[in-house]
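Worksheet: one structure, shown below.
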């Protein structure tokens with residue numbers, strides 16, 4: 001019930017129907033979740049920057065900027081280059 005009230009408040013603030021507000025908030029949450037998942041996979045060495053960007057649904061240059069802002073070291077080797085060329 002608490003969350004419903006917050007969705008209603010958001011809808012009023014944005015002057016939109018509640019169902020649209022709900023969809024917007026869910027989409028925003030999913031985008032954030034995908035980005036965090038991609039960053040986690042990248043930082044653990046389970047994904048290249050290219051793959052992380054693909055998972056997050058953002059362009060590679062934007063992913064690189066986000067990684068740099070979070071001070072996550074960029075690791076890129078010959079294997080990563082070969083994979084990127086294949087794509």
Report summary line: Helix 60-69: inclination vs the chain longest Cα principal axis, degrees, rounded to 10, gives 80
Query raised in the report: To the nearest 10 degrees, how steep is helix 18-43 against the longest Cα principal axis of the chain, on a 0 to 90 scale?
Result: 20
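Please give the FRET efficiency for residue 60 paired with residue 26, using the beta carbon to beta carbon distance and R0 = 22 Å, rounded to the nearest 0.05. Please list the in-between numbers first.
Details: r = 26 Å, r/R0 = 1.18.
With R0 = 22 Å, the Cβ-Cβ based efficiency is 0.25.
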Query - Separation in nanometres of the label points that stand 7 Å from Cα toward Cβ, at residue 36 and residue 4 - result: 2.5
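Can you put 15, 37 in order, fewest other beta carbons within 10 Å first?
Numbers: 15 7, 37 14.
Ranking 15, 37 by Cβ neighbours within 10 Å, fewest first, gives 15, 37.
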Query raised in the report: Relative contact order for the chain: what is it in percent, counting Cα pairs under 8 Å that are at least 6 residues apart?
Result: 17
Query raised in the report: So what does log10 I(q)/I(0) come out to for segment 2-86 at q = 0.10, 0.12 Å⁻¹, using the Debye formula with one equal point on every Cα and no solvent?
Result: -0.37, -0.49
Report summary line: Tilt, helix 2-14 to longest principal axis of the chain (alpha-carbon atoms), in degrees rounded to tens, equals 90
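Throughout, read-outs are computed from the coordinates displayed, never taken from laboratory work. Here the structure is a predicted model, which is why all the values come from computation and not from measurement. Every residue, glycine among them, receives a Cβ derived from its backbone with ideal geometry; neighbour counts consider all protein chains shown.
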